[in-house]
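Asks: Structure below; questions to follow.
The values are calculated or read from the model by the stated rules, or taken from the named source; none is laboratory data. Here the structure is a predicted model, which is why all the values come from computation and not from measurement. All Cβ positions, glycine included, derive from the backbone under ideal geometry; neighbour counts span all protein chains shown.
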Amino acid sequence: MKRRLTARDLRFLSRQRVVRVATANGRGTPWAVPVCHAVDGGVVYFGSGRDGIKVRNIARTRTVALVADRYSDDWGRLRGLAVVGRAAIFSRGPVFERGVRLLYRKYPQYRRQAPLDPSDSVIVRVTPTRAMSWGEQ
C-alpha cells in the first residue's frame, strides 16, 4: 500500500455515506468503528465525542486507517478503498468549524440528531499518506 489517492479514489470516497475508521491504542489493540465523513481538498473529516476510544487512540498514535467499500453479490462490481493517514484532533477554531460545516452539508440530520458542539465534540482531520483500492476500475 504505497500509492497516493487518485482523483477517482477521492470521488469514490466522497460519495460513500459511511467509512470504517480503525485505530490502535498504545499496546496495539485495534478498534474499528463506522463514521460519517466528508472529503474536501483531498482531506477527510469526521466528528466524534471528545472522550471516545478512537479519539484517545488518535491522540496517542496520530495514525488512522479508513476503509470505504461497496459490496455487491456480483463480485465483479465490488469496489473498495483503504487509506492510511495522519490524524489531527480539533476541538475549536477554523478546522473544527470547517469540518462541522462539511458534515452538516453532507448529512443534514447531523445538526438535529447529533450536533457537534465544542464542549463535547471534536473534528478529526485525516491527511491521507497511502492508499490501496480494489474492485471495479
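Asks: Quick one: in segment 113-137, which of the residues that are polar (S, T, N, Q) and touching a residue at least 40 places away in the same chain (Cβ under 8 Å) is surrounded by the most Cβ atoms within 10 Å (Cβ to Cβ)?
Replies: Within segment 113-137, the subset polar (S, T, N, Q) is 113, 119, 121, 127, 129, 133, 137.
Now restrict to residues that are touching a residue at least 40 places away in the same chain (Cβ under 8 Å): 121, 127, 129, 133.
Working: S121: 19, T127: 12, T129: 14, S133: 21.
Of everything passing the filter in segment 113-137, S133 is surrounded by the most Cβ atoms within 10 Å (Cβ to Cβ).
Asks: Modelled with pLDDT under 95 and small (G, A, S): which single residue out of G99, G85, G135 fits that description?
Replies: G135
Asks: May I pose another question? V124 - would you say it is at pLDDT 95 or above, under 15 Å from the mean Cα position of the chain (by Cα) and either under 20 Å from Q16 (Cα atoms) or assigned to a strand (DSSP E or B) (or both)?
Replies: On the way: at pLDDT 95 or above: yes; under 15 Å from the mean Cα position of the chain (by Cα): yes; either under 20 Å from Q16 (Cα atoms) or assigned to a strand (DSSP E or B) (or both): yes.
Answer is yes for this residue.
Asks: Among the residues of segment 7-58, how many are in contact with a strand residue (DSSP E or B) (Cβ under 7 Å, 6 or more places away or on another chain), within 22 Å of S119 (Cα to Cα), modelled with pLDDT of 95 or more and of a type in the set (D, E, K, R)?
Replies: Qualifying residue count, segment 7-58: 1.
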